[in-house]
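What follows is one structure encoded as C-alpha coordinates, with my remarks underneath.
The values are calculated or read from the model by the stated rules, or taken from the named source; none is laboratory data. All of these numbers come straight from a predicted model, not from anything done at the bench. In this analysis, Cβ positions are derived from the backbone assuming ideal geometry, glycine residues included, and neighbour counts consider all displayed protein chains.
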Amino acid sequence: MNSYFVLKTMPYGIRNTLSVMTATLWTLKFLIHRQKGDSAPNFQEFTLEIDPNEYVLDAVERVWAFDDRSLTFRHACHHSVCGACGMRVNGVEKLSCITRLRDITTNGSVVKIEPLRNFPVISDLVVDMGSLYARMETVGAKQILTLAQAPLTEDVYPSKNGGEFSRLSDCIECGLCISACPVAATDPDYLGPAPLAAAQQNGLAENPKTVLQLVDSEEGVWRCHSAYECTAVCPSNVQPAWRIMDLRKKVVGQRIKSFFGK
Ligand code: SF4
Ligand code: FES
(Lines give C-alpha, C1' and ligand atoms only; values in the text may rest on other atoms or scores of the structure.)
(Ligands and ions follow the chains in the order given, each with its own letter.)
Protein backbone atom coordinates (compact mmCIF):
# COMPACT_ATOMS: atom_id res chain seq x y z
CA MET A 1 0.00 0.00 0.00
CA ASN A 2 1.57 3.33 -0.97
CA SER A 3 1.62 6.42 1.26
CA TYR A 4 -0.88 8.31 -0.93
CA PHE A 5 -3.43 5.53 -0.45
CA VAL A 6 -2.82 5.51 3.31
CA LEU A 7 -3.39 9.30 3.44
CA LYS A 8 -6.59 9.09 1.35
CA THR A 9 -8.13 6.45 3.60
CA MET A 10 -7.54 8.42 6.83
CA PRO A 11 -10.43 10.31 8.46
CA TYR A 12 -10.62 13.88 7.14
CA GLY A 13 -9.64 15.55 10.46
CA ILE A 14 -6.42 13.53 10.83
CA ARG A 15 -5.56 13.96 7.14
CA ASN A 16 -6.05 17.71 7.39
CA THR A 17 -3.93 17.98 10.54
CA LEU A 18 -1.15 15.91 8.98
CA SER A 19 -1.11 17.97 5.81
CA VAL A 20 -0.92 21.22 7.84
CA MET A 21 1.91 19.74 9.93
CA THR A 22 3.92 18.81 6.85
CA ALA A 23 3.28 21.97 4.80
CA THR A 24 5.45 25.06 4.81
CA LEU A 25 3.09 27.65 6.20
CA TRP A 26 2.82 31.24 5.08
CA THR A 27 1.88 34.16 7.31
CA LEU A 28 -0.87 36.14 5.64
CA LYS A 29 -2.84 39.14 6.80
CA PHE A 30 -6.48 39.08 5.69
CA LEU A 31 -8.43 42.33 5.45
CA ILE A 32 -12.07 41.26 5.41
CA HIS A 33 -15.00 43.52 4.61
CA ARG A 34 -17.45 43.76 7.51
CA GLN A 35 -20.87 45.35 7.35
CA LYS A 36 -24.03 44.52 9.28
CA GLY A 37 -27.38 46.12 8.60
CA ASP A 38 -27.12 49.87 8.13
CA SER A 39 -23.72 50.16 9.84
CA ALA A 40 -20.84 51.74 7.94
CA PRO A 41 -18.58 49.22 6.15
CA ASN A 42 -15.10 48.61 7.53
CA PHE A 43 -12.23 46.16 7.14
CA GLN A 44 -11.25 43.79 9.93
CA GLU A 45 -7.75 42.34 10.06
CA PHE A 46 -6.96 38.68 10.78
CA THR A 47 -3.53 37.06 10.62
CA LEU A 48 -3.29 33.37 9.74
CA GLU A 49 -0.49 30.84 9.47
CA ILE A 50 -1.75 28.94 6.46
CA ASP A 51 -0.70 26.43 3.82
CA PRO A 52 -0.44 28.44 0.56
CA ASN A 53 -1.90 25.48 -1.31
CA GLU A 54 -5.20 26.10 0.46
CA TYR A 55 -7.88 28.28 -1.06
CA VAL A 56 -9.25 31.72 -0.19
CA LEU A 57 -12.49 30.10 1.02
CA ASP A 58 -10.48 27.89 3.42
CA ALA A 59 -8.97 31.03 4.95
CA VAL A 60 -12.38 32.68 5.33
CA GLU A 61 -13.77 29.52 6.92
CA ARG A 62 -10.83 29.38 9.31
CA VAL A 63 -11.43 32.98 10.40
CA TRP A 64 -15.10 32.08 10.97
CA ALA A 65 -14.25 28.87 12.87
CA PHE A 66 -11.49 30.18 15.13
CA ASP A 67 -11.76 33.98 15.28
CA ASP A 68 -15.24 35.31 14.63
CA ARG A 69 -18.42 33.28 14.28
CA SER A 70 -20.35 36.38 13.22
CA LEU A 71 -18.51 36.56 9.88
CA THR A 72 -21.06 35.96 7.12
CA PHE A 73 -20.22 34.42 3.73
CA ARG A 74 -21.81 32.01 1.28
CA HIS A 75 -20.47 28.67 0.11
CA ALA A 76 -21.80 25.23 -0.70
CA CYS A 77 -20.09 22.92 -3.18
CA HIS A 78 -16.42 23.90 -2.74
CA HIS A 79 -15.65 22.94 -6.34
CA SER A 80 -16.88 25.74 -8.63
CA VAL A 81 -20.31 24.31 -9.34
CA CYS A 82 -22.85 26.16 -7.17
CA GLY A 83 -21.65 29.73 -7.81
CA ALA A 84 -22.20 30.74 -4.17
CA CYS A 85 -18.72 31.76 -3.08
CA GLY A 86 -17.99 34.74 -5.35
CA MET A 87 -15.87 37.45 -3.70
CA ARG A 88 -13.46 40.18 -4.75
CA VAL A 89 -9.98 39.04 -3.82
CA ASN A 90 -7.35 41.77 -4.00
CA GLY A 91 -9.74 43.71 -6.24
CA VAL A 92 -10.49 40.88 -8.68
CA GLU A 93 -13.69 38.81 -8.89
CA LYS A 94 -13.00 35.18 -7.98
CA LEU A 95 -14.75 31.99 -6.93
CA SER A 96 -13.06 31.79 -3.56
CA CYS A 97 -13.31 27.97 -3.42
CA ILE A 98 -10.98 27.51 -6.41
CA THR A 99 -8.67 30.47 -5.82
CA ARG A 100 -5.45 29.07 -4.40
CA LEU A 101 -3.60 31.41 -2.06
CA ARG A 102 -0.22 30.85 -3.69
CA ASP A 103 -1.69 31.95 -7.04
CA ILE A 104 -2.81 35.37 -5.83
CA THR A 105 -0.32 36.43 -3.18
CA THR A 106 3.10 35.86 -1.61
CA ASN A 107 4.25 34.98 1.89
CA GLY A 108 3.92 37.93 4.30
CA SER A 109 1.42 39.81 2.11
CA VAL A 110 -2.05 41.21 2.64
CA VAL A 111 -5.12 39.61 1.07
CA LYS A 112 -8.12 41.92 0.80
CA ILE A 113 -11.49 40.19 0.63
CA GLU A 114 -14.63 42.09 -0.34
CA PRO A 115 -18.18 41.25 -1.43
CA LEU A 116 -19.11 41.39 -5.12
CA ARG A 117 -19.83 44.87 -6.47
CA ASN A 118 -23.03 46.06 -8.12
CA PHE A 119 -25.30 44.08 -5.76
CA PRO A 120 -26.65 45.32 -2.39
CA VAL A 121 -24.62 43.99 0.55
CA ILE A 122 -26.74 41.96 2.99
CA SER A 123 -24.02 41.16 5.52
CA ASP A 124 -20.20 41.12 5.39
CA LEU A 125 -19.40 39.13 2.20
CA VAL A 126 -22.98 38.22 1.30
CA VAL A 127 -24.79 40.17 -1.42
CA ASP A 128 -28.38 40.06 -2.65
CA MET A 129 -28.29 38.51 -6.13
CA GLY A 130 -32.07 38.54 -6.58
CA SER A 131 -31.85 40.96 -9.52
CA LEU A 132 -29.57 38.56 -11.40
CA TYR A 133 -31.85 35.56 -10.85
CA ALA A 134 -34.92 37.56 -11.93
CA ARG A 135 -33.23 38.71 -15.13
CA MET A 136 -32.04 35.18 -15.92
CA GLU A 137 -35.70 34.07 -15.79
CA THR A 138 -36.78 36.98 -17.99
CA VAL A 139 -34.47 35.95 -20.83
CA GLY A 140 -35.43 32.28 -20.61
CA ALA A 141 -32.25 30.87 -19.07
CA LYS A 142 -32.54 27.15 -18.51
CA GLN A 143 -32.51 26.20 -14.84
CA ILE A 144 -30.93 22.83 -15.54
CA LEU A 145 -29.21 21.56 -18.68
CA THR A 146 -29.53 17.86 -19.34
CA LEU A 147 -26.40 16.11 -20.56
CA ALA A 148 -27.97 15.89 -24.03
CA GLN A 149 -28.43 19.70 -24.06
CA ALA A 150 -24.95 20.48 -22.77
CA PRO A 151 -22.65 21.82 -25.45
CA LEU A 152 -20.22 18.91 -25.46
CA THR A 153 -17.26 20.19 -27.38
CA GLU A 154 -13.66 19.19 -27.43
CA ASP A 155 -13.25 21.73 -24.59
CA VAL A 156 -14.16 18.99 -22.13
CA TYR A 157 -11.01 17.09 -23.00
CA PRO A 158 -7.48 18.04 -21.98
CA SER A 159 -5.54 19.79 -24.71
CA LYS A 160 -3.27 17.69 -26.89
CA ASN A 161 -0.32 19.06 -24.92
CA GLY A 162 -1.73 17.65 -21.71
CA GLY A 163 -3.22 20.90 -20.44
CA GLU A 164 -5.96 21.14 -17.83
CA PHE A 165 -9.62 20.29 -18.38
CA SER A 166 -11.79 23.32 -18.98
CA ARG A 167 -15.39 23.74 -17.89
CA LEU A 168 -18.40 23.47 -20.13
CA SER A 169 -19.92 26.83 -20.90
CA ASP A 170 -22.72 26.52 -18.33
CA CYS A 171 -23.46 29.70 -16.40
CA ILE A 172 -23.41 28.95 -12.67
CA GLU A 173 -25.02 32.33 -11.86
CA CYS A 174 -22.11 33.35 -9.66
CA GLY A 175 -22.45 37.07 -10.47
CA LEU A 176 -18.71 37.64 -11.02
CA CYS A 177 -19.36 39.14 -14.46
CA ILE A 178 -21.91 41.64 -13.09
CA SER A 179 -19.47 42.69 -10.36
CA ALA A 180 -16.67 43.24 -12.88
CA CYS A 181 -18.84 45.07 -15.44
CA PRO A 182 -18.17 48.84 -15.63
CA VAL A 183 -21.59 49.47 -17.17
CA ALA A 184 -23.44 47.61 -14.39
CA ALA A 185 -21.56 49.83 -11.95
CA THR A 186 -23.17 52.97 -13.38
CA ASP A 187 -26.51 51.66 -14.67
CA PRO A 188 -28.49 49.37 -12.35
CA ASP A 189 -31.12 48.80 -15.06
CA TYR A 190 -28.63 47.29 -17.52
CA LEU A 191 -29.60 43.64 -18.16
CA GLY A 192 -25.98 42.64 -17.60
CA PRO A 193 -23.53 40.09 -19.02
CA ALA A 194 -24.92 36.83 -17.58
CA PRO A 195 -28.56 37.45 -18.56
CA LEU A 196 -27.51 38.59 -22.05
CA ALA A 197 -25.28 35.54 -22.41
CA ALA A 198 -28.20 33.34 -21.30
CA ALA A 199 -30.42 35.02 -23.89
CA GLN A 200 -27.91 34.10 -26.58
CA GLN A 201 -27.23 30.61 -25.24
CA ASN A 202 -30.76 29.39 -24.37
CA GLY A 203 -33.34 32.14 -24.85
CA LEU A 204 -33.00 32.30 -28.63
CA ALA A 205 -33.64 28.59 -29.00
CA GLU A 206 -36.87 28.82 -27.02
CA ASN A 207 -38.42 32.08 -28.10
CA PRO A 208 -36.22 33.94 -30.59
CA LYS A 209 -38.46 36.88 -31.58
CA THR A 210 -39.43 37.84 -28.02
CA VAL A 211 -35.87 37.48 -26.73
CA LEU A 212 -34.42 39.55 -29.59
CA GLN A 213 -36.99 42.29 -28.94
CA LEU A 214 -36.14 42.22 -25.24
CA VAL A 215 -32.39 42.61 -25.73
CA ASP A 216 -32.72 45.16 -28.57
CA SER A 217 -33.07 48.03 -26.11
CA GLU A 218 -31.16 50.78 -24.36
CA GLU A 219 -30.67 48.51 -21.34
CA GLY A 220 -29.85 45.49 -23.50
CA VAL A 221 -27.11 44.68 -26.00
CA TRP A 222 -26.55 48.30 -27.02
CA ARG A 223 -25.64 49.35 -23.47
CA CYS A 224 -22.53 47.13 -23.40
CA HIS A 225 -19.27 49.06 -23.90
CA SER A 226 -17.30 45.97 -24.98
CA ALA A 227 -14.95 46.20 -22.01
CA TYR A 228 -14.71 42.36 -21.92
CA GLU A 229 -14.21 42.44 -18.13
CA CYS A 230 -17.05 39.89 -17.82
CA THR A 231 -15.29 37.35 -19.98
CA ALA A 232 -12.01 37.93 -18.13
CA VAL A 233 -13.48 36.92 -14.75
CA CYS A 234 -16.01 34.26 -15.79
CA PRO A 235 -14.97 30.93 -14.19
CA SER A 236 -17.22 28.89 -16.47
CA ASN A 237 -16.03 29.70 -19.95
CA VAL A 238 -19.39 31.28 -20.81
CA GLN A 239 -17.69 34.16 -22.66
CA PRO A 240 -20.50 36.66 -22.04
CA ALA A 241 -18.85 39.46 -24.05
CA TRP A 242 -18.58 37.32 -27.17
CA ARG A 243 -22.23 36.24 -26.76
CA ILE A 244 -23.36 39.89 -26.45
CA MET A 245 -21.55 40.75 -29.69
CA ASP A 246 -23.20 37.73 -31.37
CA LEU A 247 -26.61 38.84 -30.07
CA ARG A 248 -26.06 42.26 -31.64
CA LYS A 249 -25.57 40.61 -35.03
CA LYS A 250 -28.76 38.60 -34.56
CA VAL A 251 -30.69 41.71 -33.48
CA VAL A 252 -29.60 43.52 -36.65
CA GLY A 253 -30.56 40.46 -38.71
CA GLN A 254 -34.02 40.46 -37.09
CA ARG A 255 -34.45 44.18 -37.80
CA ILE A 256 -33.65 43.61 -41.49
CA LYS A 257 -36.11 40.70 -41.61
CA SER A 258 -38.80 42.84 -39.97
CA PHE A 259 -38.16 45.61 -42.53
CA PHE A 260 -39.02 43.14 -45.29
CA GLY A 261 -42.07 41.98 -43.32
CA LYS A 262 -40.67 38.64 -42.19
S1 SF4 B 1 -21.59 34.36 -17.12
FE2 SF4 B 1 -19.81 33.49 -16.01
S3 SF4 B 1 -19.28 35.06 -14.49
FE4 SF4 B 1 -21.35 35.54 -15.22
S5 SF4 B 1 -22.75 34.59 -13.74
FE6 SF4 B 1 -22.44 33.11 -15.44
S7 SF4 B 1 -20.71 31.81 -14.80
FE8 SF4 B 1 -20.69 33.63 -13.45
S1 FES C 1 -18.56 26.98 -3.11
FE2 FES C 1 -19.70 26.42 -4.90
S3 FES C 1 -18.72 27.55 -6.46
FE4 FES C 1 -17.50 27.94 -4.73
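Looking only at residues that are exposed (fewer than 15 other Cβ atoms within 10 Å of the Cβ) and farther than 17 Å from L31 by Cβ in the range 90-104, which one is farthest from ligand 2 (Cβ to nearest atom)? The selected residue is R102.
Wholly within the range 164-262, which helices (runs of 4 or more DSSP H) include no fewer than the required count, namely at least 1 residues that are under 17 Å from M136 (Cβ atoms) and within 16 Å of ligand 2 (Cβ to nearest atom)?
Per the criteria, 176-180, 193-198.
In the range 1-35, which residues are among the basic types (K, R) and modelled with pLDDT under 95? Answer for the range 1-35, where residues must be among the basic types (K, R) and modelled with pLDDT under 95: K8, R15.
Residues of the range 22-46 that are without any contact (Cβ under 8 Å) to a residue 60 or more places away in the chain, in contact with a Lys or Arg (Cβ under 8 Å, 6 or more places away or on another chain) and surrounded by 12 or more Cβ atoms within 10 Å (Cβ to Cβ): Q44, F46.
Would you call A65 surrounded by fewer than 15 Cβ atoms within 10 Å (Cβ to Cβ), modelled with pLDDT of 95 or more, in a helix (DSSP H, G or I) and not polar (S, T, N, Q)?
Values: surrounded by fewer than 15 Cβ atoms within 10 Å (Cβ to Cβ): yes; modelled with pLDDT of 95 or more: yes; in a helix (DSSP H, G or I): yes; not polar (S, T, N, Q): yes.
When the stated conditions are applied, A65 passes them.
Every condition in (1) touching a Pro at 6+ places or on another chain (Cβ under 9 Å); (2) within 16 Å of ligand 2 (Cβ to nearest atom); (3) more than 24 Å from N237 (Cβ to Cβ); (4) of a type in the set (A, V, I, L, M) is met by M87 except one, and the failing one is (3).
If you go through the range 67-75 one residue at a time, do you hit one that is out of contact with any Cys (no Cβ under 7 Å at 6 or more places or on another chain), within 16 Å of ligand 1 (Cβ to nearest atom) and over 22 Å from D170 (Cα atoms)? Walk me through it before giving the result.
Here is the first cut: in the range 67-75, the residues out of contact with any Cys (no Cβ under 7 Å at 6 or more places or on another chain) are 67-73.
Then drop every residue that is not within 16 Å of ligand 1 (Cβ to nearest atom), which leaves none.
Looking for residues that are out of contact with any Cys (no Cβ under 7 Å at 6 or more places or on another chain), within 16 Å of ligand 1 (Cβ to nearest atom) and over 22 Å from D170 (Cα atoms), one finds none in the range 67-75, hence no.
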